[in-house]
1. Just for the stretch A:320-336: of the residues that are open to solvent by 20 Å² or more (accessible area, probe 1.4 Å) and out of contact with any Phe, Trp or Tyr (no Cβ under 7 Å at 6 or more places or on another chain), which one is farthest from the other protein chains (Cβ to nearest Cβ)?
2. Restricting attention to the stretch B:72-104, which residues are closer than 21 Å to B:W145 by Cα, away from chain A (no Cβ under 12 Å) and of a type in the set (G, A, S)?
3. Could you please give the count of residues in the stretch B:150-161 that are outside any strand (DSSP E or B) and either within 14 Å of chain A (Cβ to nearest Cβ) or within 18 Å of B:R223 (Cα to Cα) (or both)?
4. Condition first: free of Cβ contacts under 8 Å to residues at least 24 places away in the same chain, touching a Gly at 6+ places or on another chain (Cβ under 9 Å) and over 30 Å from A:G146 (Cβ atoms). Can you find one or more residues in the stretch A:205-216 that meet it?
5. Looking at B:L192, B:L227, which is the one that is in contact (Cβ under 8 Å) with a residue 12 or more places away in the chain, open to solvent by less than 10 Å² (accessible area, probe 1.4 Å), under 19 Å from B:I252 (Cα atoms) and not basic (K, R)?
6. Are there strands (runs of 3 or more DSSP E) fully within the stretch B:1-101 with at least 3 residues that are among the β-branched types (V, I, T), surrounded by fewer than 19 Cβ atoms within 10 Å (Cβ to Cβ) and touching a residue at least 60 places away in the same chain (Cβ under 8 Å)? List them.
7. Would you pick out the residues in the stretch B:143-161 that are surrounded by fewer than 24 Cβ atoms within 10 Å (Cβ to Cβ) and under 23 Å from B:H78 (Cα atoms)?
Amino acid sequence: MTRLLLKGGRVVDPGRAVDEVADVLLADGLVVKTGARLPARGAEVIDASGLVVCPGFIDVHVHLREPGREDKETIATGTRAAAAGGFTAVCAMPNTEPVNDTAGITQAILERARAEGVVRVYPIGAITRGSRGEELAEYGDLREAGCVAVSDDGRPVASARMMRRALEYARAFDLPVIDHCEEPALSQGAVMNEGEVATLLGLRGAPAAAEAIVVERDVMLAELAGGRVHVAHLSTARSVDAVRRGKARGVKVTAEATPHHLLLTDQAVKDSDYDTATKMNPPLRSEEDRRAVLEGLRDGTIDCIATDHAPHTVDDKKVEFDQAAFGVVGLETAVSLCLDRLVRPGLLTLAQLVGLLSAGPARVLSLPGGTLASGAPADLTLLDLDRRVKVDPARFESKGRNTPFGGWTLRGAPALTIVGGRVVWKAGR
Amino acid sequence: MLDRPIKKVPALRGKTVVNLFYEASTRTRASFEIAQKVLSADSLSITAATSSVQKGETLLDTARNLEAMNPDMIVIRHSASGAPHFLARHCRSAIVNAGDGAHEHPTQALLDALTLRQKRGRLQGLKVAIVGDVLHSRVARSNAWLLGKMGARVVLCAPPTLMPPGIERLAAVTHRIDEALEGADAVMMLRLQLERMTGGYFPSTREYHLRYGLTEERVRRARKDVLILHPGPMNRGVEIASEVADGPYSVILDQVTNGVAVRMAVLYLLLGGGEAAA
């Protein structure tokens with residue numbers, strides 16, 4: 001069978017507190033072992049000297065758009081974008097057309113992923129049928145078909161009763177419930193964050209409280225129901241605080257943050273003169289919120305970095321700000337942004353970042369991987385900390401070009417992506 | 001100029017201007033059209049209700065198609081904040097903002113400033129109270145910028161529900177109308193945008209009038225020679241009592257007259273002024 005030996009790289013495996021120069025041997029889709037001067041013995045050798053060898057990165061929040069919106073993205077293009085961005089696995093949000101609320105749709109996604117996918121695809125099922133917030137979806141079937149979590153992402157679960165039932169029922173199948181936390185009554189009609197910038201731009205804002213209220217609610221409901229709740233794209237200081245307090249008292253709550261909320265504020269909407277690439281939900285927040293989210297990453301309140309990769313067509317975005325679709329693409333920029341803007345200035349250590357992209361997400365959704373321990377899946381991300389990249393949306397593998405980071409010059413980038421022991425992407429092809 | 005027997009000069013002869021109005025407008029559109037005619041520009045006005053917008057054409061496509069006919073300027077009024085900026089990014093023609101969403105209405109602020117300066121000889125040091133639905137008002141924002149920059153002391157007044165967060169950055173804020181009016185040189189009343197009042201911002205127009213309406217009695221708190229402004233259209237008996245709107249200190253119609261002059265200036269500077277336009 002295929003054997004691959006990665007020679008002389010700096011192995012960073014935070015789950016096992018490893019950070020050392022070593023060789024990694026892969027065989028039959030699994031990690032065989034990590035150690036000094038491993039013999040090749042017929043294995044194909046890849047010179048990894050000067051590169052960082054990490055457990056494969058996992059993005060728990062991706063919109064692959066297939067089925068239904070193949071004009072925005074497909075499983076093929078989305079997973080190619082993931083590979084190019086250094087991700088070896090993505091979790092696919094269920095807000096497709098139709099919504100992934102039955103085993104049949106989950107199976108269809110997995111079949112397509114097997115045929116055309118470049119990285120692993122873990123489907124997420126809907127919390128409620130059609131994500132309408134009225135009746136629970138069939139979690140038993142969804143789990144059996146391969147769903148790793150449930151979520152009505154993009155559509156907040158408005159009813160506390162429904163959320164409670166979901167958290168309770170999901171326990172039977174050990175499914176985490178991922179919530180897009182937003183009180184719709186407070187955010188109705190909003191296109192950005194409420195505050196001074198929105199006021200001066202004359203745009204309708206959603207207050208930070210619209211998110212934090214629901215995060216608080218979900219933490220309390222998870223406590224009540226004993227279920228696992230995962231807070232998607234957490235973006236406000238009060239949300240971080242709610243998760244932190246929940247964790248402190250033992251509630252099974254986890255959270256993710258996106259690179260755009262870590263690096264940009266609502267000021268970007270003004271600075272870009274209403275560029276619709278700065279429009280997403282939750283919106284870019286205040287500087288105080290941005291700093292609090294970063295602090296949450298540093299102190300472990302936030303478990304992982306996820307992109308909320310949300311590709312749209314040019315037509316969806318090339319309209320008035322009020323009319324533009326919400327969302328940004330993230331798969332092909334996340335790693336470089338985090339390396340250049342978080343690790344280089346010392347806001348996160350390299351080991352912290354690698355953990356937030358591998359062991360963290362694996363733990364949150366109980367996924368295989370996230371480690372280079374013997375017997376783990378041979379999913380690896382290799383980084384070149386010195387490679388300089390200029391973000392050029394025209395060259396994205398994703399169909400989506402909607403990024404606020406176009407033109408940014410960044411240092412540090414993925415170099416090689418390995419899934420199941422096979423190289424699926426290599427820099428500078 | 002408008003008082004001359006022949007109200008026409010050839011300054012913009014041969015220039016084409018398109019007025020693209022996506023929102024209802026009487027004053028602003030008429031004002032721009034008259035300014036264009038006086039300056040001899042060729043102009044046409046398109047309103048959303050009678051255009052291909054009804055057939056689902058996007059703003060950008062509409063603008064690009066109009067541009068293919070080579071106009072020199074597009075004057076746009078749109079309910080989406082930032083729509084003029086969006087067009088400016090994608091079009092060659094000069095774009096003039098005739099009011100965008102709750103963002104800005106620059107020519108309105110210019111005509112208000114002109115009116116105040118004509119009547120008072122200066123803007124520096126004047127206390128100007130802007131009272132009403134500040135939340136939805138582009139007029140309030142543009143005036144706060146302009147009058148503040150020119151040295152006037154602007155006080156914004158509204159119930160807290162109609163006061164957007166962070167507006168303190170632009171001007172002083174109060175929720176008491178008497179405080180806003182105290183010693184004011186000018187009072188600018190904002191239209192209560194009744195069509196947007198679905199959010200339960202206040203209990204009734206009755207209470208609004210009682211607490212925030214400009215009545216003759218309240219006007220007495222301001223200076224004796226106070227000027228009363230309103231960008232129109234007015235809701236008589238809601239934000240402003242008729243006796244005030246039609247009273248001796250009202251300069252509401254002077255505002256409208258000055259609107260033509262200000263728009264002529266904008267058109268001339270952006271289109272005709274040659275070197276001066278730079």
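The values are calculated or read from the model by the stated rules, or taken from the named source; none is laboratory data. Everything numeric here is computed off the predicted structure, so don't read it as measured data. Methodologically, a virtual Cβ is constructed for each residue, glycine included, from the backbone with ideal geometry; neighbour enumeration extends over all protein chains shown. Accessible surface is based on the protein model in full, side chains and every heavy atom, while ligands, DNA and RNA are left aside. Shrake-Rupley method; radii C 1.70, N 1.55, O 1.52, S 1.80 Å.
1. Here the residue is A:F326.
2. The answer is B:A98, and nothing else.
3. Residues of the stretch B:150-161 outside any strand (DSSP E or B): B:150-152, B:158-161.
Narrowing further to those that are either within 14 Å of chain A (Cβ to nearest Cβ) or within 18 Å of B:R223 (Cα to Cα) (or both): B:152, B:158, B:160-161.
Matching residues across the stretch B:150-161 total 4.
4. Quick first cut of the stretch A:205-216, residues free of Cβ contacts under 8 Å to residues at least 24 places away in the same chain only: A:207.
Remaining after also requiring touching a Gly at 6+ places or on another chain (Cβ under 9 Å): A:207.
Subsequent filtering for residues that are over 30 Å from A:G146 (Cβ atoms) retains A:207.
Yes, the stretch A:205-216 contains a residue that is free of Cβ contacts under 8 Å to residues at least 24 places away in the same chain, touching a Gly at 6+ places or on another chain (Cβ under 9 Å) and over 30 Å from A:G146 (Cβ atoms).
5. Working: B:L227 fails: open to solvent by less than 10 Å² (accessible area, probe 1.4 Å).
So the residue among B:L192, B:L227 that is in contact (Cβ under 8 Å) with a residue 12 or more places away in the chain, open to solvent by less than 10 Å² (accessible area, probe 1.4 Å), under 19 Å from B:I252 (Cα atoms) and not basic (K, R) is B:L192.
6. Those strands (runs of 3 or more DSSP E) do not exist here; none qualify.
7. B:W145, B:L146
Quick grid of which residues meet (1) in contact (Cβ under 8 Å) with a residue 40 or more places away in the chain; (2) in a strand (DSSP E or B):
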{"site": "A:K33", "(1), (2)": "yes, yes"}
{"site": "A:R37", "(1), (2)": "no, no"}
{"site": "A:V45", "(1), (2)": "yes, yes"}
{"site": "A:R69", "(1), (2)": "no, no"}
{"site": "A:K72", "(1), (2)": "yes, no"}
{"site": "A:R80", "(1), (2)": "yes, no"}
{"site": "A:C91", "(1), (2)": "yes, yes"}
{"site": "A:I105", "(1), (2)": "no, no"}
{"site": "A:Y122", "(1), (2)": "yes, yes"}
